[in-house]
Amino acid sequence: MRTRLSDALSLVVVLTILLFILAPILVLIFSAFDGGNIFRFPPRFYSLRWFEAALNHPEYRSSLWISTLLGVISTLIAVTLASLAAFGLVRGRPRYGLALEVLLLAPLTLPLVVWAIALLSIYAELGMNGTLPGLILAHVTITLPFAARIMIATFKEIDPRLEAAAKSLGAPPSAVLRRITLPLALPGLLSSTAIAFLVSFNDVVVTTLIAGAGWITFPVRTFSRLRTEGIDPTTIAIGAMIVVFTIVLIVVGQRLFQLSRRL
Amino acid sequence: MTETPYLSIRSVGKSYRGVTALHDIDLDVEQGAFVALLGPSGCGKSTLLQILAGLLEPDHGEVRLAGADITRLPPWKRNIGLVFQNYALFPHLSIRQNVRFGLDMMGMGATEAEARVDEALAMVGLDPGLSRRPDELSGGQQQRVAIARAIAIRPRLLLLDEPLSNLDAVLRQKVRLELRELHNRTGITTIMVTHDQAEALATADRIAVMEAGRLLQYEAPQGLYRNPATAFIAGFIGNPAANLLPVIAHDGASWSLPGGALWQPDAALSPARNGVATGAACRMALRPETLALGPAAPGGLAGRIAAVEFTGGEHLVHVEAGQTRLSVRLPAGTPIEGPDIWLFPPKEGPLLFDANTGRRLPNPN
Ligand SMILES: Nc1ncnc2c1ncn2[C@@H]1O[C@H](COP(=O)(O)OP(=O)(O)O)[C@@H](O)[C@H]1O
Ligand SMILES: [Mg+2]
């Protein structure tokens, strides 16, 4: 009896905490379906008009496009560099490997603002402020540590004896990479791609300072509109879409590759 | 010049960042032989095996296989099968894909490759219909897959690194016999690493005993047992291994034992007869199965029975003699009267080793 009671109690507690954490997101999603002109909760009548408006809004459309482009390019670069670095660190076991690893992950420990300021002053010297390559490089800088961390863990988990066994069976290094290392690293590659993309897509701090007026990403656009025009149902609709997109990505990632274990 | 050996290892050495793992190893293996590399953990067996497989490059020395220098040949060009202690099966491939891996690397056609996979799986006693993943198999089955994968490529050399150590005791006995039978059937020249002397004695044609990066002795199992080159080997081979009695030549006829007691053995075992100068320290190897027990008589060693273990076919008697402890194996049913008893070594040329170098002293006659 007592255990059943305590089970029920702990369930209630857990649900309450979850509700507390998720409530704002639920509010966001519900209000996105409201037909009114201003933010209301709960919605009075349901409509998809704000989703339509969001998808047709020229500024949001271009910002979403910029964010996606920036996210995809910087993620590809960051994951490639991170994988190469991680492979070298784990398999090559260089003399100062641990120091290199710490350096590679160090950006995780500094506030983004510090990075932004550092990049800003370097870019000013190079005349790269406000350019797309500058922005891409900045995003590579902030996403690389996340990708590197996942890839280092991934390669450490792959038994080097598997690669040795493949070699003894006649596989040259390229075949070992293609048939053994890459397939085994695939879950890690997909996880780091997803995380790097989300980090890039979410960034406001570094982007605001580096991007200038030419390359306004979605979160930066949303942020500035929030400040100038208050809560706009279009923003809410886009927010809802992103939440759903992210949840789908994470659920699929967790299901397929146990994303959370790699963080 | 004699016929060149199939595999020859010439003064191969290797150190890891200053620590020498192998000192100048010389070893020849005949085609079709089953050789065991035997030695305690950390003596460099795996290092030598990896050099043969091409996974490590020796600092110096030469490895020749079938007449060709392969010292710097990359592993994928060697056609040498390798089975790891943990089997190292590819977890993302099915059993058949694992066994087929090397055949695919050769570019073999699908029909022929599938037939070879069937053959290799049958050879190790596995059902060729096995379509599961490696992690769904038991340890014993995984090991068979690893062996099938290595022999499917019809290797010029099969290297096994501690193949039995991850199996339980019962399975180990069974699999070691199967390994030997597999070798008899395939005739593949095989080198097996092990730290278990019983395993080496039971399976190999020749045993290379290693200690601390050096090859101590390379000999057929019976020769190794009868004529160990060092005290270390005598104290390592056999079940249980030889007793090593520390002795100092007191005079031409008697030895002094630890604790100071004097022992005057049969003339054949005396210091004078074995060329040991008075005062020299030696170790005398006494095999448990050659010792006899009985009442006081000339040539005997006085002792006291500490314990008797019954092992089925025989008794293992532990005797305290002065400050040393000796084990004696007697057939079951031998009457044992104790606790005070006398030990009698065989009356022929003893196994004597220099106490400092551990080297075998030359037998007289
Ligand atoms: N990669 C390595 N780096 C440094 N030392 C090593 C390495 N591999 C082996 N050793 C050392 O070399 C010696 C021989 O090792 P190994 O060949 O694995 O012995 P065995 O297989 O006989 O147990 C040991 O002292 C071991 O600590
Ligand atoms: Mg080893």
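Values quoted throughout were computed directly from the atomic coordinates according to the rules given, and no laboratory measurement underlies them. Keep in mind that this is a model prediction, so the values were computed, not measured. Here the Cβ positions follow ideal geometry from the backbone for every residue, glycine too, while neighbour counts run over all protein chains shown.
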Problem set entry | Inter-residue pairs, beta-carbon under 6 Å, first more than 21 Å from B:CYS43 (Cα to Cα) and in the stretch B:149-177, second among the small types (Gly, Ala, Ser) and part of a loop (DSSP other than H, G, I, E, B), 6+ apart | none
Exercise. Can you tell which of B:LEU93, B:LEU130, B:LEU103 is away from ligand 2 (no atom under 16 Å from the Cβ), within 14 Å of chain A (Cβ to nearest Cβ), part of a loop (DSSP other than H, G, I, E, B) and more than 30 Å from the chain's Cα centre (by Cα)?
Worked result: B:LEU93
Problem set entry | Elements of type helices (runs of 4 or more DSSP H) contained in the stretch A:112-200, each with 3 or more residues being of a type in the set (A, V, I, L, M) | A:112-126, A:132-157, A:160-168
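Conditions tested, residue by residue: (1) closer than 23 Å to B:ALA148 by Cα; (2) surrounded by fewer than 22 Cβ atoms within 10 Å (Cβ to Cβ).
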residue	(1), (2)
B:TYR16	no, yes
B:THR20	no, yes
B:GLN31	yes, yes
B:VAL35	yes, no
B:GLY42	no, yes
B:GLN50	yes, yes
B:ARG64	no, yes
B:ILE80	yes, no
B:VAL83	yes, no
For this session: Starting from residues that are of a type in the set (Val, Ile, Thr) and within 19 Å of the chain's Cα centre (by Cα), keep the ones in the stretch A:134-176 and report whichever is surrounded by the most Cβ atoms within 10 Å (Cβ to Cβ).
Result: A:THR143
Exercise. Hey, among the residues in the stretch B:31-56 that are away from every other protein chain (no Cβ under 14 Å) and not in a loop (DSSP other than H, G, I, E, B), which one's nearest to ligand 1 (Cβ to nearest atom)?
Worked result: B:LYS45
Problem set entry | Residue that is farthest from ligand 2 (Cβ to nearest atom), among those in the stretch B:139-172 that are touching a strand residue (DSSP E or B) at 6+ places or on another chain (Cβ under 7 Å) and assigned to a helix (DSSP H, G or I) | B:ILE151
Exercise. Which ones in the stretch B:260-276 are closer than 28 Å to B:HIS315 by Cα and touching a residue at least 60 places away in the same chain (Cβ under 8 Å)?
Worked result: B:ALA261, B:PRO265, B:ASP266, B:ALA268, B:LEU269
Seminar exercise, completed: In the stretch B:68-86, residues that are in contact with a Lys or Arg (Cβ under 7 Å, 6 or more places away or on another chain) and more than 9 Å from every other protein chain (Cβ to nearest Cβ) total 1
Exercise. What is the number of the single condition among (1) within 16 Å of ligand 2 (Cβ to nearest atom); (2) of a type in the set (Lys, Arg); (3) on the phi > 0 side of the Ramachandran plot that B:ARG17 does not meet?
Worked result: (1)
For this session: Restrict the check to the stretch A:209-224 and report whether at least one residue is among the β-branched types (Val, Ile, Thr) and surrounded by fewer than 19 Cβ atoms within 10 Å (Cβ to Cβ).
Result: no
Exercise. Out of (1) of a type in the set (Gly, Ala, Ser); (2) surrounded by fewer than 18 Cβ atoms within 10 Å (Cβ to Cβ); (3) in contact with a helix residue (DSSP H, G or I) (Cβ under 6 Å, 6 or more places away or on another chain), the odd one out for A:ALA118 is which?
Worked result: (3)
Exercise. Does the stretch B:343-363 contain at least one residue that is touching a strand residue (DSSP E or B) at 6+ places or on another chain (Cβ under 8 Å) and more than 23 Å from B:TRP255 (Cβ to Cβ)?
Worked result: no
Exercise. Where in the stretch B:173-258 are there strands (runs of 3 or more DSSP E), lying fully within it, with 1 or more residues that are within 23 Å of B:ALA33 (Cβ to Cβ)?
Worked result: B:190-194, B:206-211, B:214-219
Exercise. Looking at (1) on the phi < 0 side of the Ramachandran plot; (2) within 23 Å of the chain's Cα centre (by Cα); (3) more than 16 Å from ligand 1 (Cβ to nearest atom), can you tell me which one B:GLN85 breaks?
Worked result: (3)
Seminar exercise, completed: How many residues of the stretch B:14-30 are more than 12 Å from ligand 1 (Cβ to nearest atom) and not acidic (Asp, Glu)? The answer is 2
Exercise. Could you say whether any residue in the stretch B:182-189 is surrounded by 19 or more Cβ atoms within 10 Å (Cβ to Cβ) and either within 13 Å of ligand 1 (Cβ to nearest atom) or closer than 21 Å to B:ALA241 by Cα (or both)?
Worked result: no
